[in-house]
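Chemist: Have a look at this one before I ask anything.
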Amino acid sequence: MAGFAECGWFGSVLCFLGGITALYYLLKWSWRIWQGFKVHVLSSVWPTDLRVYGQWAVVTGSTAGIGRAYAIELARRGLDIVLISRSQEKLRRVADEIESRYRRQTRVIQADFTEGHSIYPVIEEQLKGLKIGILVNNVGMNYAGMLVNFLDVPDPEKRITEVINCNILSVTQMSRMILPQMVERGKGLIINMSSEAGSQPQPMLSLYSATKIFVTYFSRCLHAEYQPRGVTVQCVTPFVVSTNMTYNIEVNPLVKSAESFARDALNTVGYSSFTSGCITHALQHIALAIFFPAWLRLSSFCVRRVEKFAQERKQQIEERMAQCQKKQEDKHK
Ligand SMILES: NC(=O)c1ccc[n+]([C@@H]2O[C@H](COP(=O)([O-])OP(=O)(O)OC[C@H]3O[C@@H](n4cnc5c(N)ncnc54)[C@H](OP(=O)(O)O)[C@@H]3O)[C@@H](O)[C@H]2O)c1
């Protein structure tokens, strides 16, 4: 009898704990689904009017891929655009397209972000007098064109500096340059392009992955500091987008085109300050966190498998890189 009573008491406690746990997960997932619905569905029905931030948008790395797509989409939504990249010829081509298609003003600034601090006074001088409402810190580069161990690139000493200058210094210096006028007006939007590769540690993409978690943390902290003063800092963490960086991989339900990614991601402004940018990338992020967590990625078993995979794919990727390079050259002849 006593045993039964004890079991009944124990059973009630278990039932209670089970109920609380079930309720916790129900609320947690309902909240997440509502947030996802708001950020990726409602945002496309009622996108924020981006002109409220100010007349000009500055986009770094804006002659190709995601940066070009952001620049064109922002012009389509009524902003004048400052384009910053290395190639004057490509800059002029994108500027002409924006001016003729959307009748917006453009400025172009030629700069190489791998060069470090020397370029910023020149950029600052050229931005003087512009009312900049939006800054898109998009420019970024890979450590190598494929999965490699940290030492397995030609001239790693030079490459490390280039990647850090391009992926980290550019974001911090451009924000430092443009944030003051946004704070003064009490209005502004900074969009920082991080990556899904930064949401968990990624062996064989170590430097790239580490630079992207820097962008993520920097953006989230800056948002917390400056949101009360009217400046939104949005961090975008895309999965795979078909661009030169990904050798123009075929678009499919998981891989977005740059144009469609930029459209979806810009819709999320005002709805989220930390986003995968589009619904398919958000779902891939959840799936990866569940089925491929950090402890598994970092295990020696997994690292060996990734090394083997990279070796097997090396030739294929090199051929794809060469094809991409040729395509680019033919396009610009
Ligand atoms: N594609 C993806 O799947 C993916 C996924 C996650 C995150 N991202 C991030 O998204 C951003 C854009 O990537 P993307 O795939 O669009 O790259 P992309 O296709 O390689 O385009 C890079 C752009 O940046 C410019 N650029 C490159 N190096 C530069 C430098 N040193 N100085 C100035 N401009 C430079 C290039 O123009 P010029 O050659 O004319 O200079 C080009 O306009 C990056 O931050 C990347 O890390 C991409």
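Chemist: If we keep just the residues of segment 72-96 that are more than 15 Å from the ligand (Cβ to nearest atom) and of a type in the set (A, V, I, L, M), which is surrounded by the fewest Cβ atoms within 10 Å (Cβ to Cβ)?
Modeler: ALA75
Chemist: Could you tell me which residue of segment 45-71 is surrounded by the most Cβ atoms within 10 Å (Cβ to Cβ), considering only residues that are within 12 Å of the ligand (Cβ to nearest atom) and in a helix (DSSP H, G or I)?
Modeler: Among residues in segment 45-71 that are within 12 Å of the ligand (Cβ to nearest atom) and in a helix (DSSP H, G or I), the one surrounded by the most Cβ atoms within 10 Å (Cβ to Cβ) is ALA71.
Chemist: Give the residue, chosen from SER43, SER12, SER30, that is of a type in the set (Ser, Thr, Tyr) and in contact with a helix residue (DSSP H, G or I) (Cβ under 9 Å, 6 or more places away or on another chain).
Modeler: SER43 is the lone residue from the list that is of a type in the set (Ser, Thr, Tyr) and in contact with a helix residue (DSSP H, G or I) (Cβ under 9 Å, 6 or more places away or on another chain).
Chemist: Six or more apart or on different chains, Cβ atoms under 6 Å: show the pairs whose first residue is in segment 244-265 and under 15 Å from ASN138 (Cα atoms) and small (Gly, Ala, Ser) and whose second is within 11 Å of the ligand (Cβ to nearest atom) and in a helix (DSSP H, G or I).
Modeler: Every condition considered, the pairs that remain are ALA258/GLY65; ALA258/ILE66; ALA258/ALA69; ALA262/ALA69; ALA262/TYR70.
Chemist: Something else about it: In segment 252-279, which residues are within 13 Å of the ligand (Cβ to nearest atom), of a type outside the set (Gly, Ala, Ser) and touching a strand residue (DSSP E or B) at 6+ places or on another chain (Cβ under 7 Å)?
Modeler: Answer for segment 252-279, where residues must be within 13 Å of the ligand (Cβ to nearest atom), of a type outside the set (Gly, Ala, Ser) and touching a strand residue (DSSP E or B) at 6+ places or on another chain (Cβ under 7 Å): VAL255, LYS256, PHE261, THR275, CYS278.
Chemist: Follow-up question, since we're still on this one. What single numbered condition from (1) more than 13 Å from the ligand (Cβ to nearest atom); (2) hydrophobic (A, V, I, L, M, F, W, C); (3) surrounded by fewer than 22 Cβ atoms within 10 Å (Cβ to Cβ) fails to hold for ILE190?
Modeler: (3)
Chemist: Taking segment 193-215 as the search range and keeping residues that are surrounded by fewer than 19 Cβ atoms within 10 Å (Cβ to Cβ) and under 19 Å from ALA287 (Cβ atoms), which one is nearest to the ligand (Cβ to nearest atom)?
Modeler: GLN200
Chemist: Could you run through segment 218-244 and say how many residues are within 21 Å of GLU73 (Cα to Cα), within 16 Å of the ligand (Cβ to nearest atom) and either crowded, with 18+ Cβ neighbours inside 10 Å or among the acidic types (Asp, Glu) (or both)?
Modeler: 11
Every residue, every condition in (1) exposed (fewer than 15 other Cβ atoms within 10 Å of the Cβ); (2) within 11 Å of the ligand (Cβ to nearest atom), yes or no:
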residue	(1), (2)
ILE98	no, no
ARG104	no, no
GLU125	yes, no
GLY129	yes, no
GLY133	no, no
ASN138	no, yes
MET141	no, yes
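Chemist: If we scan segment 144-161, do we find a residue that is among the polar types (S, T, N, Q), within 12 Å of the ligand (Cβ to nearest atom), at pLDDT 95 or above and more than 20 Å from TYR217 (Cβ to Cβ)?
Modeler: yes
Chemist: State whether the residues of segment 98-108 include one that is in contact with a Phe, Trp or Tyr (Cβ under 8 Å, 6 or more places away or on another chain), hydroxyl-bearing (Ser, Thr, Tyr) and within 17 Å of LEU130 (Cβ to Cβ).
Modeler: Looking for residues that are in contact with a Phe, Trp or Tyr (Cβ under 8 Å, 6 or more places away or on another chain), hydroxyl-bearing (Ser, Thr, Tyr) and within 17 Å of LEU130 (Cβ to Cβ), one finds none in segment 98-108, hence no.
Chemist: Scan segment 72-97 for residues that are farther than 21 Å from LYS128 by Cβ and hydroxyl-bearing (Ser, Thr, Tyr) and report the count.
Modeler: So the answer is 1.
Chemist: Quick check on ALA282: is it small (Gly, Ala, Ser) and surrounded by fewer than 17 Cβ atoms within 10 Å (Cβ to Cβ)?
Modeler: In short, no.
Chemist: Checking VAL183 against (1) within 16 Å of the ligand (Cβ to nearest atom); (2) assigned to a helix (DSSP H, G or I); (3) out of contact with any Asp or Glu (no Cβ under 8 Å at 6 or more places or on another chain), which test does it fail?
Modeler: Going through (1) within 16 Å of the ligand (Cβ to nearest atom); (2) assigned to a helix (DSSP H, G or I); (3) out of contact with any Asp or Glu (no Cβ under 8 Å at 6 or more places or on another chain) one by one, VAL183 breaks only (1).
Chemist: Here's something else I'd like to know. Which residue out of SER300, SER272 is modelled with pLDDT of 95 or more, over 24 Å from ASN137 (Cβ atoms) and among the polar types (S, T, N, Q)?
Modeler: Only one candidate qualifies: SER300.
The values are calculated or read from the model by the stated rules, or taken from the named source; none is laboratory data. Keep in mind it's a predicted model, so treat the numbers as computed, not measured. Please note: Cβ atoms are built from the backbone with ideal geometry, for glycine as well, and neighbour counts cover all protein chains shown.
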